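What follows draws every value from the coordinates through simple rules; no lab data is involved. Everything numeric in this text was worked out from a predicted model, so none of it was measured. Counting neighbours? That spans all protein chains shown, and the Cβs are built from the backbone with ideal geometry, glycine included.
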Ligand code: PGA
């Protein structure tokens, strides 16, 4: 989180997050993170001005943690999902306590692929958000509308409703990241326009303000996700309410992801 300046200017530190989905095993993960770190070091990337996080599969996290800690790499990392439960008879699930023990900073919750393929409800997403916060992890809460939702309800109704449920159990001051990911834009090559992303991001910030207060809303980072590439990131980052990106496919290519991280080079600030 970051503070506001006296004149209310945005000082949120952008977050560029790579959601690897079910790609790269732990050996490939080590090679990839090394290459990414070298590439960003070579380019003299200023991590204080744009934070970088990777979200590998669960089986890679220990390897990524060991590499990042041994080489003191300025990268953050997190998991792609979390159990709503702390421990017990939940075969196949991963507790937030385990993720915290591996130094995860973040956890993605409610990605549309989990909502669709695993039938995750808004209530389950909310329970996972509560579990993440309880274990000291920052939830990256994903919301977004399908093409049908867009036609029926317009752009922000569904993501706004999803976010209201997801954040209902949180207190003012909680560090949370919101990712607006229109389902029709994910993996389709057809990104939303920067103006569409801004419109929904602004509506989502109002939800955060309503539930967690103005101060928390001013500090909360809202990301756009869905076919983000090095050649379209700048347009999103020029928007007042877009504070970074959640990147899928393009986060698996070092050159492409480095280009996204170094968006300031193309924004022209
Ligand atoms: P994409 O995926 O960048 O491949 O569209 C985004 C996401 O699912 O987070």
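For a quick check: sort 62, 44, 262 by the number of other beta carbons within 10 angstrom, fewest at the front. List each step's numbers first, then the result.
On the way: 62 15, 44 7, 262 21.
Listing 62, 44, 262 from fewest to most nearby Cβ atoms yields 44, 62, 262.
Hey, rough spin-label estimate for residue 85 and residue 209, points 7 angstrom out along Cα→Cβ, what's it come to in nanometres?
Taking the simple label geometry, residue 85 and residue 209 are separated by 4.1 nm.
Mind ranking 63-71, 137-145 by how tightly packed they are, going by the mean number of other C-beta atoms within 10 angstrom, highest first? Write down the numbers at each step before the final one.
Values: 63-71: 15.4, 137-145: 26.9.
Sorting 63-71, 137-145 by mean packing, highest first, produces 137-145, 63-71.
Expressed as a whole number of Å, what is the distance separating the alpha-carbon centroids of segment 203-269 and segment 45-119?
Result: 19 Å between the Cα centres.
Please report the orientation-averaged projected area of the chain, defined via the convex hull of its C-alpha atoms, in nm².
Working: hull surface 54.0 nm².
In nm², the orientation-averaged hull projection of the chain is 13.5.
If we count other beta carbons within 10 Å of each Cβ, what is the order of 81, 86, fewest first? Don't jump to the answer; show the numbers that get you there.
On the way: 81 20, 86 13.
Lowest to highest Cβ neighbour count: 86, 81.
Using label points projected 7 Å from each Cα along Cα→Cβ, tell me how many nm separate residue 65 and residue 202, to one decimal.
4.2
Specify whether the C-alpha gyration tensor of segment 144-269 places it in the rounded, prolate or oblate class, a ≥ b ≥ c being the square roots of the eigenvalues: rounded for a/c under 1.5, otherwise prolate if a/b is larger than b/c and oblate if not.
Values: a/c = 1.98, a/b = 1.35, b/c = 1.47.
In terms of gyration-tensor shape, oblate.
Under 1.5 on a/c is rounded, so check that first for segment 45-132, then, if it is not, pick prolate when a/b is larger than b/c and oblate when it is not; a ≥ b ≥ c are the square roots of the alpha carbon gyration tensor eigenvalues.
Verdict is prolate for segment 45-132.
By how many nm would the segment from residue 238 to residue 171 grow when fully extended, if each residue of separation counts as 0.36 nm and the alpha-carbon distance is taken off?
On the way: separation 67, 0.36 × 67 = 24.12 nm, distance 2.97 nm.
Roughly 21.1 nm would be gained on extension.
Report the residues of segment 67-94 in range of a label on residue 34: point 7 Å along Cα→C-beta, backbone N strictly under 15 Å from it.
Inside the label zone: 67-73.
Most exposed first by the Cβ proxy, i.e. fewest other Cβ within 10 Å, how do 237, 22 rank?
Details: 237 21, 22 7.
With the fewest neighbours first, 237, 22 line up as 22, 237.
Could you check the spin-label model distance between residue 231 and residue 117? Points 7 Å from the Cα along Cα→Cβ, value in nm.
Using points 7 Å along Cα→Cβ, the separation is 2.8 nm.
What percent do you get for the relative contact order of the chain when only Cα pairs under 8 Å and 6+ apart count? Walk me through the numbers before you get to the answer.
Working: 528 pairs, mean separation 53.0, N = 269.
Reported relative contact order: 20 percent.
Would you mind calculating the gained length between residue 161 and residue 101 on full extension (0.36 nm times residue separation, minus the Cα-Cα distance), in nm to one decimal?
Working: separation 60, 0.36 × 60 = 21.60 nm, distance 3.27 nm.
Stretched fully, the residue 161-residue 101 segment lengthens by 18.3 nm.
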